[in-house]
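Asks: Got a structure for you, written out below as C-alpha cells; questions coming shortly.
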Amino acid sequence: MRIRRMTAPPDLREYDEKIADVLRRARKPVVLAVNKVDKMQGDNPDIYEFYSLALGDPVPISAGQALSLGELLDEVVKHFPNEQPEEEETELIKVAVVGKPNVGKSSLINRILGEERLIVSETPGTTRDAIDTYCERDGKPFVFIDTAGMRKKSKIKENIERYSIVRAVAAVERADVCLLIVDAETGVTEQDVKIAGIVHEAGKGCVITVNKWDKVEKDHKTMNKFAQTIDGELKYMTYAPKIFISALTGQRVGKLFGLIDSVSQNTALRISTGVLNETLIEAMAVTPPPADRGRSLRVYYATQVSVKPPTFILFVNDKELMHFAYSRFIENQIRLNFGFKGTPIHFIVRNRDERGKS
Ligand SMILES: Nc1nc2c(ncn2[C@@H]2O[C@H](COP(=O)(O)OP(=O)(O)OP(=O)(O)O)[C@@H](O)[C@H]2O)c(=O)[nH]1
Ligand SMILES: [Mg+2]
C-alpha cells in the first residue's frame, strides 16, 4: 500500500513518482491511498492528479480523522488470494511392483491398464528401468512403478543389471506401497525373502501378490496352505495381506486396488496417545513382561511420533529389559487393537529419564 500526502511540495512529488515507478515494476498489487483528504463529501478534484502515478484509482483517506479507512481496507482485501477452503486433493498412491525376474510384474501392470504398454517376455530380465504408469480407479489416482526383476547379487555380472537393481530399490524408496510379486509355481524362494527384506527395511507398506495362480492345480485348501507357507518363509512380514492373482487371466486383479488403498491408509494411521496407553496398560496387566535376573521391564508411557511407517516411542524403566519377544507382544497388541494391516511398525525404546532429551 502506498500512502501519499495530499499536499506535497514539488520535490516530494518527484519522490512519489520514483516510488510509483518501483512499485509498477515490482508487478505487485498496489493500493494508492491519498492521505490528508479531510473532506470526503462530493467531488474531490484534488485527488485526480494522482492518476498520473499510474497506480490505479486513488483512494482518498484521512488518517488523522479516521475517514474512509474501511473503504481503504476493502480495496486492500480485494487483492487477497481467494481463501476458499481447497477441496481435499486425493493423494496419489505410489505403488512399486517388485519381485524376481519373470514373475509377471510387467504383465500385471499391463493387465491393470488394460493395454500392452510394457514389454513382457519369457526372458528373465526383460524390464531394465523403473517405469511409472499413472492410472485412476474409482476416482483415486495411482502410479504403478514397474521395476527390473531383482536377482541374487552373486549372479549379477553386468553393470547394467546392477543398476537395474539400484533403480528397483530406489522405486521401493519412492513408493507408499509395494506389491511383492511371488511366483505361484515356485513358491517363496530365497530371492523373494531378500526382496521382502528390502521392502520391510524401507518401512513401506506391502501386499504379497502371488501371481500365475492359473498355473496351480488347486482345491479349497490350496490358498490357505500357500498363505501359511508364505508366513513361515517371511516371518517378519506376516502383517502383509496376501492375494492370489493371475495377470494372464485377470483373476482378482481388480481387488488389488482396494487392498493397496487400505494398506496405504494404514501406513499413515495415527492412534491417539490416550487410547494407545489404555490399550497397552490393559494388555500388559494381563501379560506382564517376564522378569530378567529379578528385574522386570516397566513401560510407563507410549506415544505415536510419526507415520509412514507408524512409529511409537515407549518410555521404560530400563531399555535393556525390552527383549524381542516382548516388543513383538506389544506390536501384536497394537495390531490386534488398531489394525495397521500391511504396514511395518517401528518402535523407539527410551529410558524414562531420557524423556525430553533430544
Ligand atoms: N500363466 C501365466 N503366465 C504369466 C502370468 N503373468 C505373467 N506370465 C508370463 O510370465 C512371463 C514373464 O512375464 P513378465 O511380465 O515379462 O515378467 P516380469 O516380472 O516383468 O519380468 P522381468 O521384467 O524380466 O523382471 C511372460 O511370458 C508372461 O506371459 C500369469 O499370471 N500366468
Ligand atoms: Mg518386466
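The values are calculated or read from the model by the stated rules, or taken from the named source; none is laboratory data. Note that the coordinates shown come from a computational prediction; the quantities given were computed from them, not determined experimentally. Counting neighbours? That spans all protein chains shown, and the Cβs are built from the backbone with ideal geometry, glycine included. Accessible surface areas use protein heavy atoms only, side chains included; no ligands, DNA or RNA. Shrake-Rupley method; radii C 1.70, N 1.55, O 1.52, S 1.80 Å.
Asks: Within region 239-264, work out how many residues are closer than 17 Å to Val177 by Cβ and assigned to a loop (DSSP other than H, G, I, E, B). First the steps, then the outcome.
Replies: In the first step, residues of region 239-264 are kept if they are closer than 17 Å to Val177 by Cβ; the result is 239-243, 245, 252-264.
Next, only the ones that are assigned to a loop (DSSP other than H, G, I, E, B) stay: 239-241, 245, 252-254.
Counting residues in region 239-264 that are closer than 17 Å to Val177 by Cβ and assigned to a loop (DSSP other than H, G, I, E, B) gives 7.
Asks: Among the residues of region 225-283, which ones are free of Cβ contacts under 8 Å to residues at least 60 places away in the same chain, β-branched (Val, Ile, Thr), out of contact with any Ser or Thr (no Cβ under 6 Å at 6 or more places or on another chain) and open to solvent by less than 50 Å² (accessible area, probe 1.4 Å)?
Replies: Those that are free of Cβ contacts under 8 Å to residues at least 60 places away in the same chain, β-branched (Val, Ile, Thr), out of contact with any Ser or Thr (no Cβ under 6 Å at 6 or more places or on another chain) and open to solvent by less than 50 Å² (accessible area, probe 1.4 Å): Ile230, Thr279.
Asks: Sticking with this structure for a sec: Tell me, which residue of region 93-139 that is within 22 Å of Lys204 (Cα to Cα), touching a Gly at 6+ places or on another chain (Cβ under 9 Å) and not hydrophobic (A, V, I, L, M, F, W, C) is nearest to ligand 2 (Cβ to nearest atom)?
Replies: Only one residue tops the list, namely Lys105.
Asks: So Met284 ticks every box in (1) within 16 Å of ligand 1 (Cβ to nearest atom); (2) over 21 Å from Lys140 (Cβ atoms) but one. Which box is left unticked?
Replies: Looking at each condition in turn, Met284 falls short on (1).
Asks: If you don't mind, there's one more thing I want to ask. Of all residues in region 267-278, which are in contact with a helix residue (DSSP H, G or I) (Cβ under 9 Å, 6 or more places away or on another chain) and either closer than 13 Å to Leu314 by Cβ or not in a helix (DSSP H, G or I) (or both)? I'd like the intermediate steps shown before the answer.
Replies: Looking only at region 267-278, we keep the residues that are in contact with a helix residue (DSSP H, G or I) (Cβ under 9 Å, 6 or more places away or on another chain), and these are 269, 271, 275-276.
Leu269, Ile271, Leu276, listed by residue number.
Asks: Being at pLDDT 95 or above, assigned to a strand (DSSP E or B), aliphatic (A, V, I, L, M) and open to solvent by less than 20 Å² (accessible area, probe 1.4 Å), is that true of even one residue in region 314-335?
Replies: No; the residues of region 314-335 include none that is at pLDDT 95 or above, assigned to a strand (DSSP E or B), aliphatic (A, V, I, L, M) and open to solvent by less than 20 Å² (accessible area, probe 1.4 Å).
Asks: With a cut-off of at least 3 residues that are modelled with pLDDT of 75 or more and either away from ligand 1 (no atom under 14 Å from the Cβ) or of a type in the set (Ser, Thr, Tyr) (or both), name the strands (runs of 3 or more DSSP E) lying wholly within region 87-183. Steps first, answer last, please.
Replies: Details: elements: 93-99, 131-137, 140-146, 177-183.
In region 87-183, 93-99, 131-137, 140-146 are the strands (runs of 3 or more DSSP E) which contain 3 or more residues that are modelled with pLDDT of 75 or more and either away from ligand 1 (no atom under 14 Å from the Cβ) or of a type in the set (Ser, Thr, Tyr) (or both).
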